[in-house]
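What follows is a short report on a single structure.
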Amino acid sequence: MGLQAYLLLAAAVFAIGLFGVLTRRNAVGILLGIELMLNAVNINLVAFSRFNGDLAGMVFALFTIAITVAEVAVGLAIVIVIFRVRKTVEADRLDLLKG
Amino acid sequence: MTLETAGFWGLAAVLLASSLAVVLTKNLFHSVLYLAGALVATGGVFLLLDAAFLFGIQLLLYAGGVVTIVVFAIMLTERLVGERIRQTSRRLAVGAIVSAAVFVGILMAVGQARLPTERPPLAGDVTRGLGEALLTRSVLSFELLAVLLVAALLGALYFARNDD
């Protein structure tokens, strides 16, 4: 399989994740879509790294994985706080900052 | 058909099917379980690309860590039984159009680029090379990552703490 096949697979996963982010109402569901998009990025990084014979891409993938985990932890903590204050995690109803 | 081709198509099928299930299924809890499937399939793709160490990281951090945190968050914000856990989607048509446009855009960019079809032979052990790169060339970013993780941990604790 050439590099193209991996890139296309990653593009499909990215588009599916984007669809989830755009259509989900629940804040946790939106976070799951973001997870899918970040995964697609990781596939791209590792594929480019392998096909170019340069390990820098894999080091990058390692960093994105670790940062994603931190992002999920903070994001879900925020979701829990929002639920405590507003009693809902529906993104449409969290419009406190709307003028 | 070589083993790599068969593995790629099998993993691609699993990955795409479970990704679609993540964004389409009604039950949020099932979404997370499908996400775990998608993450493990992604790990399999890493394995196909000779990145065995990243496969292990993917299983430990994503499929183990992230899925567990998300399950806890769902348990804290939804009732596991009953109607609350059913989630709905909105503006399906708009979402489908935008994501299809993004996909076609990437498709055209990938189609025009000249990409290698053969991977170069491995120059030594990948895991060993990764470890050496982490602790020599990118050691500063590696240490910053540790600081970031501590900050994220403290931040999450601060947000989620009980006020009483």
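Every number here is computed from the coordinates shown, using simple stated rules; none is lab data. Because the structure is predicted, anything quoted here is derived from the model rather than measured. When we count neighbours, we look across all protein chains shown, and the Cβ atoms used for this are built from the backbone with ideal geometry, even at glycine.
Counting only other residues whose beta carbon sits under 9 Å from that of A:THR23, what net charge do I get with K and R as +1, D and E as -1?
+4
Extension gain B:PHE72-B:GLN112, at 0.36 nm per residue separation less the Cα-Cα distance, in nm?
Gain in length upon complete extension: 10.0 nm.
Hey, rough spin-label estimate for B:THR2 and A:ASN52, points 7 angstrom out along Cα→Cβ, what's it come to in nanometres?
According to this spin-label approximation, the distance is 2.2 nm.
Going through the DSSP H helices of chain B, which span 18 Å or more along their own axis at the Cα atoms while scoring at least 0.0 as a mean Kyte-Doolittle hydropathy?
Those that pass (Cα extent of 18 Å or more, hydropathy at least 0.0) are B:3-24, B:28-48, B:92-112, B:139-160.
Between region A:35-57 and region B:94-164, how many Å separate their Cα centres?
7
In percent, how large is the relative contact order of region B:1-112, given Cα pairs closer than 8 Å and 6 or more residues apart?
Once divided by the residue count of region B:1-112, the mean separation gives 24 percent.
Do the sum for chain A: with -39,500 (n - 2.57) for every DSSP H run of n ≥ 4, divided by all residues, what is the mean residue ellipticity at 222 nm, to the nearest 500 deg cm²/dmol?
Theoretical 222 nm ellipticity from helices: -28000 deg cm²/dmol.
What's the local net charge at A:VAL41, with K and R +1, D and E -1, over the other residues with C-beta under 14 Å away?
Within the 14 Å Cβ shell, the charges total -2.
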